[in-house]
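Worksheet: the structure to be examined is printed underneath.
The values are calculated or read from the model by the stated rules, or taken from the named source; none is laboratory data. For clarity, every value in this text was computed on a predicted model and none was experimentally measured. Neighbour counts run over all protein chains shown; Cβ positions are idealised from the backbone, glycine included. To get the accessible areas, we keep the full protein, side chains included, count just its heavy atoms, and leave off ligands, DNA and RNA. Shrake-Rupley method; radii C 1.70, N 1.55, O 1.52, S 1.80 Å.
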Amino acid sequence: MNNPTVLVVEDDSSVRNLIMTTLHAHQYGYLTAENGERAILEVTSRNPDVIMLDLGLPDIDGVEIIKKVRTWSEVPIIVISARGEDSDKITALDAGADDYLTKPFSVDELLARLRVVQRRLARSAAENAPAFANGPLEIDYEAGIVRVAGDEVSLTPGEFKLLCLFAQNVGKVLTHTYITDKIWGNSLETDVATLRVFMASLRRKIETDPAQPKIFQTHIGIGYRMNRL
């Protein structure tokens, strides 16, 4: 996907200019706001893909802006603040922020946080797409059809649901608890054993060589991940 448009909400002109220069150099679109009132106007009228938000604004506290935005939007919010205490980070994250970058920060770290957001936006787009492709694997969500190297594969409803969960979180480690809760609605110990059976079956049907899986990676004691091929 194209680089997102970032709304930079920062009253310190030197920090704002640093971020703007960095975004421009790496071909990100950007908007700016020097205070909370302007920030809310930009969010509602310009619909940015990402918000980089300073908490210490002259008119409205950044945490209040997060709360306001979260009443109507799930746009990713990266807090950039001199408030480095854990309590400040927890307050911002609990209010709905997605990430927290403490001043002073490096340009490399700033760009790394943006790449994380881009991956999230790409996953969100994939969830809403009618189809999914990863190496030899293809999923037609609407038709409920799975193909590997062009050949249709027969999956049980449970296996299809599990495969779609991985596809919607490709590249991310999913814990046993997360998977079993999403698939069966709970995370009992017995469900972990059932999950292993499902994964073994899925690998036999999806992997070219189930003994040396490339698509599904096991994280012992934690869960599984679908690798991006």
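Here are some notes:
- Acute angle (nearest 10 degrees) that the helix 13-25 long axis makes with the longest principal axis of the chain, alpha-carbon atoms: 40
- Of the beta bridges in the chain, as assigned by DSSP with both residues counted there, near 50 percent are antiparallel.
- Cut-off 11 Å between beta-carbons: net charge of the residues surrounding Ile183, Lys and Arg +1, Asp and Glu -1: -1
- Percent carbon-and-sulfur accessible area, the range 86-222, ignoring ligands, DNA and RNA, probe 1.4 Å: 52
- Modelled label positions at Asp209 and Val192, each set 7 Å beyond Cα in the direction of Cβ, lie 3.0 nm from each other.
- The chain: angle of helix 157-167 to the longest principal axis, Cα-based, in degrees nearest 10: 40
- Within the chain, longest stretch clear of exposed GluC sites (Glu not before Pro) (DSSP loop, no more than 11 other Cβ within 10 Å): 143-229
- Seen against the Cα atoms of the chain and their longest principal axis, helix 107-127 is set at about 50 degrees.
- Couplings for the range 40-53, taken from phi via the Karplus curve 6.51 cos²θ - 1.76 cosθ + 1.60 with θ = phi - 60°, read 5, 4, 5, 5, 6, 9, 10, 6, x, 7, 9, 10, 9, 10 Hz in order; Gly and Pro are left as x.
- Annotation: amide H of Met52 within the under-5 Å range of Leu7, Val8, Val9, Ile78, sequence separation 5 or more or interchain, hydrogens built in the peptide plane.
- Listed options for Cα extents along the principal axes in Å are (1) 59, 36, 31; (2) 69, 47, 34; (3) 48, 41, 33. The value calculated from this structure is the one marked (1).
- Extension gain, Tyr178-Thr156: 0.36 nm per intervening residue step, less the Cα-Cα distance, totals 5.9 nm.
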